[in-house]
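Report on the structure given below.
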Amino acid sequence: MSKDYIRQREQRTGWLLMLPALLVLLLVYAFPILRAFWLSFFTENLSTNLEPVFSGLDNYELMVGDGRFWQSMRNTAVFTLFTLVFELGLGLIIALTLDQAFRGRGLARTIAILPWALPTALIALAWRWIFNTEFGVWNDMLMRLHLIGNPVNWLGEPFWAMVAVIAADVWKTTSFVAILLLAGLQSISQDLYEAHALDGASPWQSFRQITLPLIAPQIVIAMLFRFAQSFGIFDLIQVMTGGGPGGATETVSIYIYAAVMRYLDFGYGAALVTVTFLVLVAVVAVSWLYISRLRAKTE
Amino acid sequence: MAKLELQNLTKAYSRDIVPVKQLNLVVEDNEFLTLVGPSGCGKSTILRLIAGLDQPTEGRVMIGDRDVSRLPPGDRNIAMVFQSYALYPHMTVRENVASGLKLRHLPVGDIQKRVQEVSGVLGLDPLLDRKPAKLSGGQRQRVALARALVRNPDVFLLDEPLSNLDALLREQVRADLKQIFADQKSPIVYVTHDQTEAMTLSTKVAVLNNGYLQQLGHPHDIYKTPANRFVASFIGSPQMNLITLSRTGNTVALGDFSIPLPIGIQAASVVLGIRPEHLRLPREGDMHTVSGQVFLVENLGMHDLVSLRVQGDPTLTLRALLPADAAWSKENLQLALPPESIHWFDDETEQRLG
């Protein structure tokens, strides 16, 4: 058989065209990650005068016994779980609503995307004011409705502070999930629903048997996106509570920031980054596998 | 079984958009009714009204003695084949076919049996575990048919089921359809804009235009005695020659040639219609002939489709289907108009005369 020269040439050109992008990716992704990984085997903090001293797995051992680390992991898990569940649930409801034909749908779709388009730091600031003890509109509303007698320091109570940051994140990011799911819904032909109705299906059965399976890829992608972003949440919490009160809303990112920027413990910070990175990669890899299986199923 | 009856059916989306107007139709058991007409004539809307996907503004849909006008689609026991086939992409062929039975909670054994039967008839056995994306257009079409047949519905609806197939396959599937539905007892309503499908498949054809029923009858009757100018022009390929002429006394002038009107026609201005396949080379004893210059010959294999300008009036053209082996002169072709093949329509009302 003769060689397929055209194909060969195209492949060569392909690699050549990708090379610049690959180099940039290596520089901005691979290098910092590998550098952090390398640094995590050194102790580099104020006790070593910020000089790296090789210490093997010391940082990782330290981490195992570090209550604050586990607390931040727990906080991150709680935050991620609840934001994910609420954003998916509400996002699906909003997407289903926006998929219906009604007057002013275009406007509604535009408005729906707004919260997500606004800068997080600004939104966090706004929510901090909403939950402010003396001047916050939330306390004002509850007091007018006689649901509470005295103003509550929402962001000062460990439980309510977590609820508040979750609420703020849900408010901001549900629209993103809704738009993603809406795209999935719009790709489903109306004929399928009509055929299913003629087959004798109720709207609820059509939702379960047509809608959900056909937007499963979009649901998984939305979960993946939201998981990665929630797991690394920093700006919203930093501005709203700074991780407080008493570490009740401190997520891993906030802890890493504190370890590196406040305690100048670069080695330990690098170890934290490495572990967080590996957890993220593991979850994303598993989800990706699941998506490919889903894809194979529908094709 | 049950007959399907449409009583005074009207669908209006707004005052100006009324795709179906005062339609009355009966489709008996064993009848294959085809709704045919140009796009926008309301034929698909009628199907949706029968199926329950749209609600009529006025009138009723009856299946047997049941008024189903207000029932949801699933309670009408109607099966429909969609133009897009509407196969569920995430289900296998087997699941697609079984879907309607499963939703009606039939015992699993019965479902399997009926799916097997239908899949045998349609030759789907080797495809049962495939997803629709892995099927060819013709195979998808058969799955859509199977999904309808398996249900044993009271009424079958088919919405342009052949329009997504290529020409060769379409002809073959058309023949298959005829055989498959010959065994079905339930009324069948078939929508198409293709008159060949309408002619070949149906026991009854309803020609529609602008939301109105133009003519209802056996395909042969519709071809032979079109009720008005629209039906005459829509049914038949190549299209009927339709020429508007003004009368002088009891004759009309076709260029240099005069053709007598049948007795009893009062209209001042008439339309003469004659199908290209009915124009022929003159024989001994032909009464009415015209001649003219040929300006276009289209070779259709067995026939030549010949266009000529009538002598005496170059704006008048006629198209004739002549045997390909016939000999004729391009400069001066003579054609006979057999009187029994001429259709007359009133120019004003467009209705058939005589």
Query - Fewest-first sequence of A:E44, B:E350 by Cβ atoms within 10 Å of each Cβ - result: B:E350, A:E44
Report task. Determine the relative contact order of segment B:64-161: mean sequence separation of Cα pairs under 8 Å and six or more apart, normalised by residue count, in whole percent. Result -> 49
Query raised in the report: Averaged over peptide A:97-110, how many Cβ atoms belonging to another chain are found within 10 Å of each residue's Cβ?
Result: 0
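Mean residue ellipticity at 222 nm from the helices of chain A, using -39,500 (n - 2.57) per DSSP H segment of n ≥ 4 over the full residue count, to the nearest 500 deg cm²/dmol? Could the numbers behind the result be given before it?
Details: 14 runs with 209 residues, N = 299.
The per-residue figure over chain A is -23000 deg cm²/dmol.
Taking the Kirkwood radius as the inverse of the mean 1/r across Cα pairs, report the Rg/Rh of chain B. Mind showing how you got there, number by number?
Working: Rg = 24.4 Å, Rh = 22.8 Å.
Rg/Rh for chain B comes to 1.07.
Let me check against my output: what whole-number percent is the relative contact order of chain A, with C-alpha pairs under 8 Å and at least 6 apart? Mind dumping the intermediate values first?
On the way: 311 pairs, mean separation 85.0, N = 299.
Normalised by residue count, the contact order of chain A is 28 percent.
What's the longest piece of chain A with no exposed trypsin sites (Lys or Arg not before Pro), counting a site as exposed if DSSP puts it in a loop and it has at most 15 other beta carbons within 10 Å?
Details: sites that count: A:K3, A:R103.
With trypsin sites (Lys or Arg not before Pro) excluded where exposed in loops, chain A gives A:104-299 as its longest stretch.
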Query raised in the report: Between B:W328 and A:F135, what is the spin-label point distance in nm, taking each point 7 Å from the Cα along the Cα→C-beta axis?
Result: 9.6
Report summary line: Filtering trypsin sites (Lys or Arg not before Pro) in segment B:54-97 by DSSP loop and by at most 13 other Cβ atoms within 10 Å leaves B:R70
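Of B:K113/B:K178; B:K102/B:K185; B:K43/B:K102; B:K43/B:K185; A:K172/B:K131; B:K11/B:K204, which sit over 27 Å apart, Cα to Cα? Provide the component values of the computation, followed by the final result.
Working: B:K113/B:K178 24 Å; B:K102/B:K185 23 Å; B:K43/B:K102 31 Å; B:K43/B:K185 23 Å; A:K172/B:K131 39 Å; B:K11/B:K204 23 Å.
Flagged as over cut-off: B:K43/B:K102; A:K172/B:K131.
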Query - Residue order, fewest to most beta carbons within 10 Å, for A:T83, A:T43, B:T200 - result: B:T200, A:T43, A:T83
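Give me the mean projected area, in nm² to one decimal, of the convex hull enclosing the Cα positions of segment A:158-245.
Working: hull surface 27.7 nm².
Approximately 6.9 nm², given one-decimal rounding.
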Query raised in the report: Rounded to the nearest 500, what is chain B's calculated 222 nm mean residue ellipticity when only DSSP H runs of at least 4 contribute -39500 (n - 2.57) each, over all residues?
Result: -7000 deg cm²/dmol
Requested in this report: Tell me, rounded to the nearest percent, the portion of alpha carbon pairs in chain A spaced more than 35 Å apart.
Outcome: 39
**Report entry** segment A:104-123 and segment B:51-67: distance between their alpha carbon centers, rounded to Å
**Finding:** 44
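What value does segment B:214-351 have for Rg/Rh, both radii from Cα atoms and Rh as Kirkwood defines it?
Details: Rg = 14.9 Å, Rh = 15.6 Å.
Across segment B:214-351, the Cα-based Rg/Rh ratio is 0.96.
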Query raised in the report: Considering only DSSP states other than H, G, I, E and B, which GluC sites (Glu not before Pro) in segment B:217-307 qualify as loop sites with at most 15 other Cβ atoms within 10 Å?
Result: B:E284
Requested in this report: Taking the Cβ of each residue in B:L4, A:L98 as the centre, tally the other Cβ atoms inside 10 Å and list the residues starting with the fewest.
Outcome: A:L98, B:L4
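So, counting K/R as plus one and D/E as minus one, what does the shell of residues with Cβ under 14 Å around A:T173 add up to? Spell out each step's value before the answer.
On the way: positive: A:K172, A:R226; negative: A:E87, A:D169, A:D235.
Surrounding charge for A:T173 is -1.
Using the Cα centre as the reference, give the magnitude of the dipole from point charges on the C-beta atoms of chain A (Lys, Arg: +1; Asp, Glu: -1; all else neutral), rounded to the nearest 20 debye.
Details: 19 positive and 20 negative charges, 165 e Å.
Magnitude of the dipole: close to 800 debye.
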Requested in this report: Can you tell me how much longer the chain between B:E284 and B:D67 gets when fully stretched, taken as 0.36 nm per residue apart minus their C-alpha distance, in nm with one decimal?
Outcome: 72.1 nm
Requested in this report: Ratio to report: Rg/Rh of segment A:1-95, with Cα atoms as the point set and Rh obtained by the Kirkwood method; give two decimals.
Outcome: 1.25
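If r is the Cβ-Cβ distance from A:D235 to A:R9 and R0 is 51 Å, what FRET efficiency results, to the nearest 0.05?
Numbers: r = 47 Å, r/R0 = 0.93.
So, using R0 = 51 Å, E works out to roughly 0.60.
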Query raised in the report: Percent relative contact order of segment B:4-234, based on C-alpha pairs within less than 8 angstrom and at least six residues apart?
Result: 29
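For every other residue with a beta carbon closer than 13 angstrom to the beta carbon of B:P238, add +1 if it is Lys or Arg and -1 if Asp or Glu, then tell me the sum.
On the way: positive: B:R275, B:R319; negative: B:E277, B:E298, B:D304.
Within the 13 Å Cβ shell, the charges total -1.
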Query raised in the report: Over what distance in Å are the Cα centres of segment A:201-217 and segment B:137-159 separated?
Result: 22
Query raised in the report: What's the Kirkwood radius of the protein assembly as shown in Å, using all Cα pairs?
Result: 32.0
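Bear in mind that the values in this text are calculations on the coordinates, not laboratory data. Not measured: the values here are computed from a predicted model. Here Cβ is always computed from backbone atoms with ideal geometry, including for glycine, and neighbour counts include all displayed protein chains.
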